[in-house]
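The values are calculated or read from the model by the stated rules, or taken from the named source; none is laboratory data. Worth saying up front: this structure is predicted, and the values here are computed from it rather than measured. Neighbour counts are summed over all protein chains in view; Cβ atoms, including those assigned to glycine, are modelled from backbone coordinates with ideal geometry.
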Amino acid sequence: METPKGLRLHFGLFGKRNAGKSSLINALANQNISIVSNVAGTTTDPVEKAFELSPIGPVVFMDTAGIDDVGELGLARVQKSLAVLDWMDVAIIVCETGTWSEHEEGILKRTKENGTPTVVVFNKIDLCQPDETLASSLRGKGCRVVFASAQNRVGIDEVKSALIETVLEQTEPDRPLMGNLVKPGDTVLLITPIDTGAPKGRLILPQVQAIRELLDSGAKCIVIKEDRIAETLAELKTPPQLVVTDSQVVQRVVKEIPEPIPVTTFSIQMAYSKSDLVAMARGAGALTKLKPGDKVLMAETCSHHPLQDDIGRVKIPNWLKKKFGELEIDMAVGKDFPEDLSPYKVIINCGGCIVTRRHMLARLRIAQAQGVAMTNYGVAISYLQGVLGRALACHPEAQKAFEEACR
Ligand SMILES: Nc1nc2c(ncn2[C@@H]2O[C@H](COP(=O)(O)OP(=O)(O)OP(=O)(O)O)[C@@H](O)[C@H]2O)c(=O)[nH]1
Ligand SMILES: [Mg+2]
């Protein structure tokens, strides 16, 4: 239960009101997580439930409001369900056996456009005969199809098997944070300043993840604060093969670590692991073209309590204004993303440590569809500190994309 949500696959249940989405989630989890009733529109906001789906491991199921909801509030709920649909690892379309309307077709169209693997569950099989023709036509479109009765717990194991097979065949495994930058026996220096933003008594997730991965890959890792760099280098008989630093001290680190020792940052590695680093580097190129009066969107997926020197609210905006003059900088917090991105020249998203890779890629896709450049905090900080070229040295393709976008 301690696995962070950003490291769990997300499965979402979508369909018309009363199709049995909440009943199915309860049957899958074998618990009463979601409220079930015969009143259409019982589930209003997306409900998340984390549990273990063996052999995949820790996952999150998301129950959503019916896609056929009506009225002003109903339409707002539909929009919320569709926004969730866009970043799911697997979409589960739930409908009553024998029915398939423009609503289900609309969901399927959207999952196809987004490349989201899809499982169709024809529920309430106790009330109706299965329609094999419809099922085989959906199978022909690449969906797994299962007949079930959530209420009578029939077909639930088949739904689980369909989900597991879909994950194994159709989802891309997470990219490791450290990629293939290290070999067994390498020495890696990790530089982690402990500032007011550091959590009490522990390190932040990307740092912990990096240490774990380095140990798993047989590398040696030395973890220091930024004031011990020269001393540590002097003590080492051979220089480290790689230095990974917190972005906030990247300028100092680049100065103190002699070339050609490669330097990257935790957030650049996060961008590599969690999104598309090449696109984020291209997005940083768009930053170079900002002019006074331009609008920039800072987007943060978690809703932490803002710190005095908050990176997204204070530090990056100040660096941007110092470099480009008076900009209009908006802030979007949480899993919601503004629908209309067209006023923005660039979106600077956080590293996304609490969300999944598909969530970050969905945001990128939405921005790209509206022709708006996107980068992330880490890449932007290295650029604003004047060291992005060096910090991308381990990622030549991203380095090239940045240079091209600057022209
Ligand atoms: N006969 C039968 N009834 C079912 C089955 N699954 C769910 N139901 C009933 O269908 C009704 C709606 O179920 P829910 O699980 O609340 O449906 P939902 O899709 O979550 O509905 P909303 O939250 O309103 O969108 C309830 O009365 C359930 O008891 C089933 O397999 N067979
Ligand atoms: Mg429901």
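Descriptive notes on the structure:
- Residue tally, condition closer than 27 Å to residue 364 by Cβ and either of a type in the set (Lys, Arg) or part of a helix (DSSP H, G or I) (or both), over the stretch 105-124: 10
- Screening the candidates 67, 56 for the property of being in the same structural domain as residue 142 (by TED's automatic domain parsing) and either buried (at least 21 other Cβ atoms within 10 Å of the Cβ) or within 16 Å of ligand 2 (Cβ to nearest atom) (or both) yields one hit, 67.
- Of the residues examined, residue 38 is one that is surrounded by fewer than 17 Cβ atoms within 10 Å (Cβ to Cβ), of a type in the set (S, T, N, Q) and near ligand 1 (Cβ under 8 Å from one of its atoms).
- Residue 202 fulfils the conditions (1) charged (D, E, K, R); (2) at pLDDT 95 or above; (3) not in a helix (DSSP H, G or I) except for a single criterion, (2).
- Residues of the stretch 32-56 that turn out to be within 16 Å of residue 157 (Cα to Cα) and touching a strand residue (DSSP E or B) at 6+ places or on another chain (Cβ under 8 Å), as a count: 4
- Filtered residue count, the stretch 327-359, keeping only those that are within 13 Å of residue 370 (Cα to Cα) and modelled with pLDDT of 90 or more: 8
- Test: residue in the stretch 275-284 that is buried (at least 24 other Cβ atoms within 10 Å of the Cβ), closer than 16 Å to residue 204 by Cα and in contact with a Ser or Thr (Cβ under 8 Å, 6 or more places away or on another chain): no
- Taken as a whole, the stretch 352-370 holds at least one residue that is more than 12 Å from the chain's Cα centre (by Cα) and not in a helix (DSSP H, G or I).
- Residue that is surrounded by the fewest Cβ atoms within 10 Å (Cβ to Cβ), among those in the stretch 373-394 that are out of contact with any strand residue (DSSP E or B) (no Cβ under 6 Å at 6 or more places or on another chain) and among the β-branched types (Val, Ile, Thr): 387
- Filtered residues of the stretch 8-35 (kept if at negative phi, in a loop (DSSP other than H, G, I, E, B) and crowded, with 19+ Cβ neighbours inside 10 Å): 8, 16, 17, 19, 34
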